[in-house]
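For reference, the structure is listed below as C-alpha cells.
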Amino acid sequence: MAGADVTAQQFPVRVFGGPTALFEYGGLRFLTDPTFDPPGDYEVPSGRLSKTAPASAAPADLGRIDVVLLSHDEHPDNLDRSGRSLLADVPLTLTTPAGGRRLGDAARGLADWETIELDRPGGGTITVTGVPAVHGPGARERVEPLLGQVVGFVLTGEGLPTVYVSGDNASLDAVREIAARLGPVDTAVLFAGAPRVPGLFDGAPLVLDSAQAAEAVEILGARRVVPVHYEGWSHFTEGRDALAAAFAAAGLAARLDLGAPA
C-alpha cells in the first residue's frame with residue numbers, strides 16, 4: 001500500500017517540535033507533552049539541556065484542548081514553563097501517578113494498564129489506557145531512580161482507530177507487552193530522537209533511536225507512525241534524516257508520516 005493511501009485514512013497529527021503534537025480523536029482534541037518556550041538552557045540534575053529551536057506555534061494558536069497526554073512532568077523537554085501555564089486552561093491532564101499528585105486537581109495519574117473513560121461530544125466514550133514506558137536502557141528499577149516515572153497511552157473507541165502515544169520510552173520489551181495486550185495499532189505517535197546525556201547510562205539513548213522506532217512499528221503492527229521528540233533540543237542525536245533512513249532500510253518508509261504542517 002502506498003504511503004499516501006495509509007495516511008489518507010488517518011486523522012491529521014500536527015507536530016510542533018520536540019515532543020508536542022495535537023490531534024483530534026473521537027471529537028476530543030489531545031495535546032502531547034506541551035513545550036512552547038523559546039530556545040534557551042535549562043538546568044537539570046544531570047547537567048544542562050539546551051533547546052535549539054522554537055515551537056512552530058504558540059499556545060494561543062492551538063484552539064480548544066480537551067486533554068493533555070503528558071508522559072512525565074519532571075523534564076523541561078517534556079513540560080516547560082509555557083506548557084505548565086497551558087495546563088491551567090485544560091480540563092484534564094493524564095500523566096504518571098506521581099505527576100498526577102504534583103500537578104493538582106485537573107491532573108489524573110494512570111498506572112500501567114489503568115484506564116479512564118472519556119465522554120465523546122457526539123455520544124459514546126474513548127478509553128485511554130496507561131501503558132508501560134522506561135526512560136532509559138535496561139530495567140525500570142535501574143532507570144526510575146535517576147529519571148523518574150514515565151507513562152505511555154493507548155486510545156481506543158468504538159469505530160475509532162487504535163492510537164499509541166509512547167512517551168519517553170526506550171524499551172522494546174515494553175512495546176512488545178503493549179502489542180500483546182492492545183495491538184495491533186493503527187497510528188503510533190512515537191517519541192524518538194535517541195537523546196543522550198553525558199554521564200547517564202554510558203551515553204546510551206534515553207528514548208528510542210531511529211532503528212528501534214522502526215522495529216517498534218513492526219512489533220505493534222502499526223499502519224502509520226508519526227515520530228516526535230527528535231528535533232529542537234541539542235541532546236536529541238538522531239533527526240529527520242536518520243528516521244527516514246532507518247524506516248527505508250526496514251522497508252517501512254510508506255508508514256512514516258512526519259506530521260501535518262503546524
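Cα extents of region 3-253 along the three principal axes, largest first, in whole Å?
Per principal axis, max minus min of the Cα coordinates gives 50, 43, 35 Å.
Treat region 9-155 as a sphere of radius equal to its Kirkwood radius over Cα pairs and apply Stokes-Einstein at 25 °C in a medium of 0.890 mPa s; give the translational diffusion coefficient in µm²/s, rounded to a whole number.
Rounded, D is 154 µm²/s.
For region 133-162 and region 56-73, what is the separation of their C-alpha centers, rounded to whole Å?
19 Å
Using a Förster distance of 25 angstrom, determine the FRET efficiency expected from the C-beta separation of Leu146 and Glu218, and round it to 0.05.
0.30
If you average the C-alpha positions of region 100-123 and of region 228-248 separately, how far apart do those two centres end up, in angstrom?
30 Å
Could you compute how fast region 43-94 diffuses translationally, taking Rh as the Kirkwood radius over C-alpha pairs and applying Stokes-Einstein at 37 °C with viscosity 0.692 mPa s? Give it in µm² per second.
In µm²/s, the coefficient is 264.
Once Lys and Arg get +1 and Asp and Glu get -1 on their Cβ, which of Gly167, Leu147, Phe30 lies farthest toward the positive end of the dipole of the chain?
Phe30
Rounded to the nearest 20 debye, what is the charge dipole size of region 123-232 about its Cα centre when +1 sits on each Lys and Arg Cβ and -1 on each Asp and Glu Cβ?
100 debye
Can you compute the modelled spin-label distance between Ala244 and Glu43, with each label point 7 Å from Cα toward Cβ, in nm?
4.0 nm
Which parts of region 55-91 would a label at Arg102 reach, counting a residue when its backbone N lies under 19 Å from a point 7 Å out along Cα-to-Cβ?
68-90
Counting other beta carbons within 10 Å of each residue's own, what order do Asp89, Asp73 fall into, fewest first?
Asp89, Asp73
Across 5 Å bins from 0, what is the distribution of all Cα-Cα pair distances for region 174-239, in whole percents?
In order of increasing distance, the bins hold 4, 19, 25, 21, 15, 10, 5, 1 percent.
What number, in percent, do you get for the relative contact order of region 3-253 if the mean sequence gap of Cα pairs under 8 Å and at least 6 apart is divided by its residue count?
After rounding, I find 17 percent.
Could you work out [θ]222 nm for the chain from helices alone, using -39500 (n - 2.57) per DSSP H run of at least four and dividing by all its residues? Round to the nearest 500 deg cm²/dmol.
-6500 deg cm²/dmol
Tell me, which longest segment in the chain has none of the GluC sites (Glu not before Pro) that fall in DSSP loops with at most 15 further Cβ atoms within 10 Å?
1-113
Among Thr156, Thr35, Thr95, which comes first, then next, by fewest other beta-carbon atoms within 10 Å?
Ranked by crowding around the Cβ, least crowded first: Thr156, Thr35, Thr95.
The numbers here are math on the coordinates, done by the rules we state, and not lab data. This structure is a prediction, so every number in the text was calculated from the model and none was measured. FYI the Cβ positions are ideal-geometry reconstructions off the backbone, even for glycines, and counts take in every protein chain you see.
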